[in-house]
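We did not get these values from a lab; they are worked out from the coordinates using the rules stated. Worth saying up front: this structure is predicted, and the values here are computed from it rather than measured. Positions of Cβ are backbone-derived with ideal geometry, glycine not excepted, and every protein chain shown enters the neighbour counts.
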Amino acid sequence: MNPADLVPVADMIPVPWGWFQFFLILTFMLHLLLMNVMVGGGIIALFNHLRNPAQPSPLVRDLSRKFPTTIAIAVNFGVAPLLFLQVLYGHFMYVSSVLMAVYWLSVVGMLIVAYYSAYFYNMRFDALAEDAPKVLGLSVVLLMMIGFVFSNNMTLMLNPQKWTAYFDHAGGTMLNLCDPTLFPRYLHFMTASLAIGGLAIALLNLYRKKKGDPDADRLIKQGMSWFSFATAGQIVLGIIFLTVLPSEVRTLFLGGSVWHTSLLIFGISGAVLLLFFGFKKMVLSTTVLTGLIVLVMVLIRDLVRRAYLAPYFSTSDLQVASVTQYLLLLLFVVVLLLGFGVMFYVLKLGHEAFCQEGEVRP
Amino acid sequence: MNYPGWELSFAGGGLLIAMIAIVHVYVSHFAIGGGLFLVLTEMKGHRENSAAILDYVKKHTKFFLLLTMVFGAMTGVGIWFTISLLNPGATSTLIHNFVFAWAIEWVFFLGEIVSLLVYYYTFGRMEKNKHLLVGWIYFIFAWLSLFAINGIICFMLTPGAWLETGNFWDGFFNPSFWPALFYRTFLALMLAGLYGFVTSTRIKDHELRESMVRYCALWLLAPFFFFLASANWYINVLPEHVREVIFVRSPEMVRYIKTFALVSPVIFFGGLVMAIGLPARVKKPLAYLLLLIGLVYMGSFEFIREGGRKPFVIYGHTYSNNVSPLKVEQIRETGILSSAKWVKNKVITDENRLEAGRELFNLTCLPCHSVGGPINDIVPLTAMFKERALEFKIKRLDKSPYMPPFAGTEQEGKALAAYIFQELQGNK
């Protein structure tokens with residue numbers, strides 16, 4: 001059976017694909033950073049809590065308060081890229097989702113349990129005493145499992161030649177475990193979480209330092225060393241990931257295409273520079289450069305996807321429907337801007353309320 | 001015919017989506033009405049200068065946050081996951097036509113989260129008017145997200161002029177949009193009262209408890225007749241053929257309609273009983289009981305609404321088994337197996353007849369019929385048929401208005417009948 005025959009026919013799109021591509025990259029990048037803060041913050045809290053379960057440090061208590069909120073926001077920011085991904089690549093992603101339906105649907109259950117455990121951990125922090133790390137651990141492990149399911153789906157959708165296995169397993173229990181890129185890719189994301197989680201801690205404490213918090217300096221150091229060691233690991237993992245990519249894809253990044261190759265060189269040299277900033281504990285420069293490098297990595301990831309799918313599909317194949325929806329596109333942008341304005345105002349009110357009490361917003 | 005089918009057997013026939021959708025809808029409507037309940041009750045506390053009421057609102061907010069933001073929001077994501085697994089083709093149609101409505105809804109959803117978290121964490125710390133403002137902003141975001149999603153849900157049942165024009169606005173503001181919006185808004189207000197019972201019956205102080213429970217009863221009872229009126233309006237805007245499927249020709253609908261009709265007065269009197277003076281030890285379990293009855297109540301309405309859409313996922317546009325009505329004639333010529341992408345047995349032979357029958361069953365029947373499961377089990381439904389009678393039945397499946405026509409060839413119909421008769425019924 002020819003895998004190309006299995007690829008479903010795509011639906012028409014209401015405005016040209018470039019718009020969706022733009023929103024996909026933008027919202028995915030935000031989701032990625034928030035997801036990193038969520039998972040990384042969780043792991044760092046767990047690590048510190050396990051080191052001293054009897055008397056958890058103030059950092060642990062602090063992270064425990066923020067953990068549920070990071071889940072709320074990270075999940076919300078996941079909705080948008082998933083939407084735009086379906087517009088452009090739905091005919092690949094629905095297929096891979098059906099093939100692994102059982103695991104894919106279990107994401108919802110795992111998420112609910114992880115989320116409630118996060119709240120439970122926070123609200124019963126003292127009462128749970130030495131059991132607290134178990135509750136946190138459950139939440140973190142579930143979140144990491146969700147990430148693993150996502151990595152499976154995002155790689156399975158790129159590999160129509162593996163789809164024929166459906167004819168022997170129609171019950172939705174496939175995974176993409178034999179794919180050599182799966183684990184390097186997954187670990188690449190998880191290690192990024194440690195880095196970004198550490199950076200978030202450093203940033204928060206930089207702000208507190210300005211407010212005169214005596215403990216802040218130590219925590220900035222701690223956050224930055226998580227960042228730096230994780231980034232060092234990231235460079236190694238990234239190279240392993242590159243070597244296991246299928247050769248048609250890899251060669252594009254190793255000289256086969258100027259654009260692919262320059263982006264990769266830019267990304268890797270940026271990461272090396274980040275190591276320098278990180279070990280020097282330059283929080284703000286690290287943050288700015290990290291934003292840029294994460295964007296580059298997101299673009300590289302997109303190019304990898306395009307290279308994988310090149311034999312089957314390119315987004316420029318998508319046809320624009322005869323009734324276009326530019327007005328709605330505009331409406332979305334307006335609602336987005338107004339909505340963010342209102343949210344900013346609400347956050348400002350919240351911030352002021354806490355500042356009057358001399359505390360930092362949870 | 002474009003996508004692979006998830007072979008669910010026992011959980012087929014829409015069991016998964018029914019389970020997840022009903023609990024989601026029950027909590028997400030609370031997320032809207034309950035938001036208004038929070039601000040109005042907070043205002044009441046300020047007006048009556050009662051620290052005890054404010055304290056109650058604060059506790060209720062925590063309950064509200066944990067229920068709606070975690071369970072409500074995550075099951076919402078769950079519905080989305082589920083429909084894309086069960087009906088990828090139709091999901092793709094919805095996504096590609098309404099992507100901007102969904103994107104806008106996402107902004108509202110984010111607004112809800114941000115304002116609810118600020119509302120919760122600043123309770124008692126923020127200046128009164130500002131805090132109320134944040135509460136109002138939450139409610140407005142929540143109601144707007146209902147507004148956005150309501151258009152898409154109603155579209156599936158009554159796509160209206162969209163079928164001809166393909167125009168977004170025709171599809172969004174479709175014939176059942178307004179009645180459904182009112183229906184859902186009133187429902188949301190009632191649920192605020194129903195969930196309010198759960199927390200207000202736990203208030204320690206006797207007098208305050210009585211007065212807050214009565215206040216919640218008012219939330220439940222005041223919108224009740226408007227709710228019924230809008231449900232009636234809703235039913236009346238449905239096209240004739242949809243109403244016929246619901247009220248006249250569907251054997252399985254009867255029990256949901258009966259449940260809805262029976263439970264209406266029960267909920268109403270339940271609300272009245274809560275309003276009279278009873279000891280807390282009676283009211284507490286009664287609150288939970290009413291909440292459960294409410295779930296059955298609303299679940300039955302959702303079942304009726306979903307049932308009315310049969311045999312379509314998107315009325316007039318896509319059958320529940322992902323076939324377009326326009327394509328039926330064409331597929332009858334070429335055959336399902338050769339038109340569908342995801343089948344192994346493209347041509348029926350003597351050896352693969354039963355195997356091919358299974359694929360035909362999975363493609364065309366499993367979306368509505370389970371095998372041995374609780375929803376629309378095919379096994380008892382076909383028990384009295386002999387193989388020849390089944391062949392005959394399959395050829396004229398759409399004589400039952402809740403089923404789509406069988407789009408296959410003569411030979412495919414026979415293979416399907418053989419599979420049902422020999423494999424599912426076990427007549428070797």
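Things worth noting here:
- Cα centroid of the stretch A:37-92 to Cα centroid of the stretch B:371-406, whole Å: 49
- Of all stretches in chain B that contain no GluC sites (Glu not before Pro) in a DSSP loop with at most 14 other Cβ atoms within 10 Å, the longest one is B:128-251.
- Treating each Cα of the stretch B:269-420 as one equal point scatterer and applying the Debye formula with no solvent, the log10 of I(q)/I(0) at q = 0.09, 0.16, 0.18, 0.22 Å⁻¹ comes out as -0.42, -0.88, -1.07, -1.45.
- Evaluated on the stretch A:114-199, the Kirkwood hydrodynamic radius is 15.3 Å, with distances taken between all distinct Cα atoms.
- Angle in degrees between helix B:224-237 and the longest Cα principal axis of chain B, rounded to the nearest 10: 30
- Here the Debye sum runs over all C-alpha atoms of the stretch B:1-44 as equal scatterers in vacuum, and log10 of I(q)/I(0) at q = 0.31 Å⁻¹ comes out as -0.99.
- Cα centroid separation - the stretch A:19-35 against the stretch A:222-259, whole Å: 20
- Separation of the stretch B:190-248 from the stretch B:102-140 is 24 Å, based on Cα centroids.
- Taking other Cβ atoms within 10 Å as a rough exposure proxy, A:CYS355, B:CYS216 sort from fewest to most as A:CYS355, B:CYS216.
- Partner shielding of A:118-129 amounts to 1, given as the average count of beta-carbon atoms from other chains within 10 Å of each residue beta-carbon.
- Neighbour net charge for A:SER64 - beta-carbon separation under 14 angstrom, K R +1, D E -1: +2
- Label-to-label distance, nm, for residues given as A:SER257 and B:ASP205 (7 Å Cα→Cβ offset): 6.9
- Taking 10 °C and 1.306 mPa s as conditions, the stretch A:235-315 diffuses translationally at an estimated 117 µm²/s according to Stokes-Einstein applied to its Kirkwood radius (Cα pairs).
- Sorting the segments B:372-378, A:93-99 by their mean number of nearby beta carbons within 10 angstrom, highest to lowest, gives A:93-99, B:372-378.
- Anisotropy class assigned to the protein assembly as shown is oblate, per the alpha carbon gyration tensor with a/c at or over the 1.5 cut-off and a/b no larger than b/c.
- Mean ellipticity per residue at 222 nm, deg cm²/dmol - from DSSP H runs of n ≥ 4 across chain B, formula -39500 (n - 2.57): -22000 deg cm²/dmol
- Counting only residues at least eight positions apart within a chain, or on another chain, the aspartates and glutamates with an alpha carbon under 14 Å from that of A:LYS134 are A:ASP126.
- C-alpha long axis of helix A:326-356 to longest principal axis of chain A, angle in °: 10
- According to the calculation over all Cα-Cα pairs in the stretch B:255-336, the P(r) per 5 Å bin from zero is 3, 13, 16, 13, 11, 9, 8, 7, 6, 6, 4, 3, 2, 1, 0 %.
- When the Gaussian network model of chain B links Cα atoms closer than 10 Å, the mean-square fluctuations of B:SER400, B:SER338, B:SER50 top out at B:SER50.
- Spin-label model, A:ALA129 to A:SER316: label points 7 Å out along the Cα-to-beta-carbon direction sit 6.7 nm apart.
- Normalised by the number of residues in chain B, the mean separation of alpha-carbon contacts (under 8 Å, six or more apart) gives a relative contact order of 21 percent.
- Amide H contacts for A:VAL320 (H built 1.01 Å from N in the peptide plane; partners 5 or more residues away or on another chain; cut-off under 5 Å): A:ILE13.
- For the segment A:102-115, counting C-beta atoms of other chains within 10 Å of every residue's C-beta and taking the mean gives 4.
- Highest average packing first - B:226-235, A:331-340, A:192-201, Cβ atoms within 10 Å: A:192-201, B:226-235, A:331-340
- Simple label model, 7 Å out from Cα along Cβ direction - A:ILE239 to B:ILE153, nm: 5.5
- Measuring between alpha carbons in the structure, the pairs from A:LYS162/B:LYS341; A:LYS66/A:LYS281; A:LYS348/B:LYS204; A:LYS211/A:LYS280; B:LYS341/B:LYS386; B:LYS204/B:LYS258 lying more than 27 angstrom apart are A:LYS348/B:LYS204; B:LYS341/B:LYS386; B:LYS204/B:LYS258.
- Between the helical axis of B:253-275 and the longest alpha-carbon principal axis of chain B there is an angle of about 10 degrees.
- Whole-number D in µm² s⁻¹ for chain A, Kirkwood Cα-pair radius fed into Stokes-Einstein, 25 °C, 0.890 mPa s: 111
- Considering the stretch A:47-194 at the alpha-carbon level, its Rg and Dmax are found to be 17.8, 55 Å.
- Formal net charge of residues neighbouring A:LEU50 (Cβ-Cβ distance under 13 Å; K, R +1; D, E -1): 0
- Look at the stretch B:335-346: the mean tally of other chain Cβ atoms within 10 Å of its residues' Cβ atoms is 2.
- Tensor-based shape of chain B (alpha-carbon gyration tensor, a/c under 1.5 rounded, otherwise prolate or oblate): prolate
- Fluctuation leader among B:HIS29, B:HIS46, B:HIS131 - chain B, Gaussian network, Cα springs under 10 angstrom: B:HIS46
- Nearby aspartates and glutamates by direct alpha-carbon distance to B:LYS399 (threshold 15 angstrom, same-chain neighbours under 8 apart not counted): B:GLU244, B:GLU391
- Amide H within-cut-off set for B:PHE312, under 5 Å, with H built and near neighbours excluded: B:SER320
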